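Working notes, structure below.
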Amino acid sequence: MEFWEASFRDKQEMWGQAPADAARQAADFFQQQGLGHVLIPGFGYGRNARPFTAAGMRVTGIEIAATAIELARRHLPPEVVIHHGSVGDMPFDEALYDGIFCYALIHLLDPAGRRKLIEDCYRHLAPGGYMIFVALSTENATYGEGEAIGDNSFVSRHGVSLFFYDDRAVESEFGDYGLIEAEEVTEPTRAEGEQPVQKFWRIVCEKEEVE
């Protein structure tokens, strides 16, 4: 946890307060589906929660960095619940969520961590609910940079381990968890010194209603 605190202090609010395009799109989709309660693992300082709160949804987050939570509290409604801890320690509550939005987090985890996150999110998803993951693509400009540590896995110049998804990895990891859509998308990067756009997979899963 100390690593993430130090990393966040160095980069706090580096992406600005504007939410990612993928967060806006997910909020629109969740609103169209009539979803009410949303979980955001990897909450950060809350910029991606804004489209969901603006649409009238209840939001719960999970964030490992206390500094990020402090910043989020300055900008978000007080009723937003933020659990302090690692997504690897899920579950933090017994709630079932109508929607789950996970942005640029899962590709930071090792295979066991990715599997546990998907399983935990799906377990927390209410029947009829949707979860959306946004994860780095092998088509991203940074693919192949750094030290190779496994298939499509590299240690970046910042010392961060990254896993890049291709279509086979998406199917392999999400296929048993209600995968209904996967498409490669571009996302503008507002962080100074980063690539002007990032290429991600937008992965949508649905949990079927119980008959």
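Here, each number is a calculation from the coordinates, and none is a lab measurement. Quick caveat, the model's predicted, so the values are computed rather than measured. Counting neighbours? That spans all protein chains shown, and the Cβs are built from the backbone with ideal geometry, glycine included.
Between Glu119 and Ala141, the modelled labels are 3.8 nm apart [label points 7 Å from Cα along Cα→Cβ].
How much length, in nm to one decimal, is gained on full extension between Ser156 and Ala54, taken as 0.36 nm per residue of separation minus their Cα-Cα distance?
On the way: separation 102, 0.36 × 102 = 36.72 nm, distance 3.50 nm.
Residue separation times 0.36 nm, minus the Cα-Cα distance, leaves 33.2 nm.
Residues in segment 53-61 carry Karplus couplings, in order, of 5, 5, 8, x, 8, 6, 10, 10, x Hz; the curve used is 6.51 cos²θ - 1.76 cosθ + 1.60 with θ = phi - 60°, and Gly or Pro positions show x.
Phi angles of segment 112-124 translate, via the Karplus equation with coefficients 6.51, -1.76, 1.60 and θ = phi - 60°, into HN-Hα couplings of 5, x, 5, 4, 5, 4, 4, 4, 5, 5, 5, 5, 7 Hz per residue; Gly and Pro are given as x.
Given segment 2-206, what percent of its DSSP beta bridges are antiparallel, to the nearest 5? Let's see the in-between values first.
Details: 22 of 40 bridges.
That works out to approximately 55 percent antiparallel.
The gain in end-to-end length when the Asp110 to Val81 segment is fully stretched comes to 7.7 nm, 0.36 nm per residue minus the alpha carbon separation.
Given Cβ point charges of +1 (Lys, Arg) and -1 (Asp, Glu) and nothing else, what value in debye, to the nearest 20, does the dipole of the chain about its Cα centre take? Could the numbers behind the result be given before it?
Details: 18 positive and 35 negative charges, 148 e Å.
Computed about the Cα centre, the dipole is about 720 debye.
Exposure proxy check: Met131, Met57 ranked by fewest other beta carbons within 10 Å? Walk me through the numbers before you get to the answer.
Working: Met131 27, Met57 18.
Ascending number of Cβ neighbours within 10 Å: Met57, Met131.
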